[in-house]
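Data block below; observations after.
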Amino acid sequence: MNRREWNLHADEFESDICDITVDETDNQLSRYVKAVKPSSDSVLVDLGCGLGSFIQKFGDRFHERVGIDFASRIIARAKERCAGRLNVTWHVMDIARASDVIRARADLTVCFNVITSPSPVKRNALWSCVKEVTKPHGFALVVVPSIESNSMVEKREGGGGRNGRRSPPGDGLVKREDSWQKHFSRRELMSIMSQRGFQVKRIGRAYYPWSTEGLRKPRSDNQRPWDWICLAQRA
Ligand SMILES: C[S@@+](CC[C@H](N)C(=O)[O-])C[C@H]1O[C@@H](n2cnc3c(N)ncnc32)[C@H](O)[C@@H]1O
């Protein structure tokens, strides 16, 4: 989705968009965040921060907090939600410009469900930004849609459900609602982080409810859909 389309989702963000900080069911995020020990002058940068849920929940662990999103209406809502609670620097700008403005200062860079463009060129540019704003030895915490989870959900739907079809097979593109989104395998995510000069410290599943996929919880087993969550340290 482009900036205009994201702005159209601003008012209904909570019902339209999976906000993994809010929606995840097993409190995995806390475990990943606790693995990062911020210093007294630490900086948190959230790339594609949406309504700022991560900053709201974990921002007080950091000395300085920066939220970046190119959708001005979404940033306006994030500001409102955090007002009076946390001092946050908000930027309405494309992540592609983030490193020019804030440089490699982040002790923790988070980027949740943002790098999903079908265009490999656009995704590569955003992966580079994750690296460029993270200071040497700093951490990146990324969440991406899982292709393995999508296959599980498609089987459950019998192929005709809300996710629609995958095309072409193998490239990880999935149509959700009206737009194509890149989904990643666990191995692919690890390889991307290593290629960008990060050492993967921890990778796992951030589960979310079946209702987020527009499905009821199956009675037969305990499987649930998930995103991949990865904590990596910059060399
Ligand atoms: C799926 S939402 C995720 C929001 C938040 N990270 C979360 O987990 O709830 C994607 C967000 O990234 C923003 N976004 C997408 N591409 C961007 C870009 N190139 N530059 C800045 N923001 C972007 C959108 O405006 C939207 O708020």
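Some notes on this structure:
- Straight-distance candidates among the lysines for linking to LYS217, with alpha-carbon spacing under 19 Å and chain neighbours fewer than 8 residues away dropped: LYS155.
- Bridgeable lysines around LYS201 (alpha carbons under 24 Å apart, same-chain partners fewer than 8 residues away excluded): LYS34, LYS37, LYS57, LYS131, LYS135, LYS182.
- Solvent-accessible heavy-atom area per residue, rounded to whole Å², over the chain at 1.4 Å: 49
- Difference of contour (0.36 nm per residue) and Cα-Cα distance, ALA83 to SER191: 35.0 nm
- Nearest-ten-degree value, helix 147-157 long axis tilted from longest Cα axis of the chain: 40
- Gain on full stretching of the segment that runs from LYS155 to GLU5 - 0.36 nm per residue minus C-alpha separation: 51.0 nm
- Contact order normalised by residue count of the chain, Cα under 8 Å, 6+ apart, percent: 19
- Estimated from the Cβ-Cβ distance and a Förster radius of 25 angstrom, the FRET efficiency linking SER15 and SER128 is about 0.15.
- In whole angstrom, region 1-44 maps to an equivalent ellipsoid with semi-axes of 29, 16, 7, each derived as √(5λ) from the alpha carbon gyration tensor and ordered largest first.
- Neighbourhood charge, 11 Å Cβ-Cβ cut-off, centred on ARG61 and excluding it, Lys, Arg +1 and Asp, Glu -1: +2
- Projected over every direction and averaged, the convex hull enclosing the alpha-carbon atoms of the chain yields 12.2 nm².
- Per-atom-type breakdown for the chain gives carbon and sulfur 46% of the accessible area (1.4 Å probe, protein chains only).
- Along the chain, longest interval not containing exposed GluC sites (Glu not before Pro), exposed being DSSP loop plus at most 15 other Cβ atoms within 10 Å: 13-176
- Spin-label proximity, GLN199 to region 130-147 - amide N less than 17 Å from point 7 Å beyond Cα toward beta carbon: 135-141
- Average silhouette area of region 1-79, convex hull of alpha-carbon atoms, in square nanometres: 5.4
- Rounded to the nearest 10 Å², the accessible area of ARG97 at probe 1.4 Å: 130
- For trypsin sites (Lys or Arg not before Pro), no site in region 174-205 is both called loop by DSSP and has at most 10 other Cβ atoms within 10 Å.
The values are calculated or read from the model by the stated rules, or taken from the named source; none is laboratory data. No experiment lies behind these values; they were computed from the predicted model shown. FYI the Cβ positions are ideal-geometry reconstructions off the backbone, even for glycines, and counts take in every protein chain you see. Just so you know, the surface numbers come from the protein's heavy atoms only, side chains and all, with ligands and any DNA or RNA stripped out. Shrake-Rupley method; radii C 1.70, N 1.55, O 1.52, S 1.80 Å.
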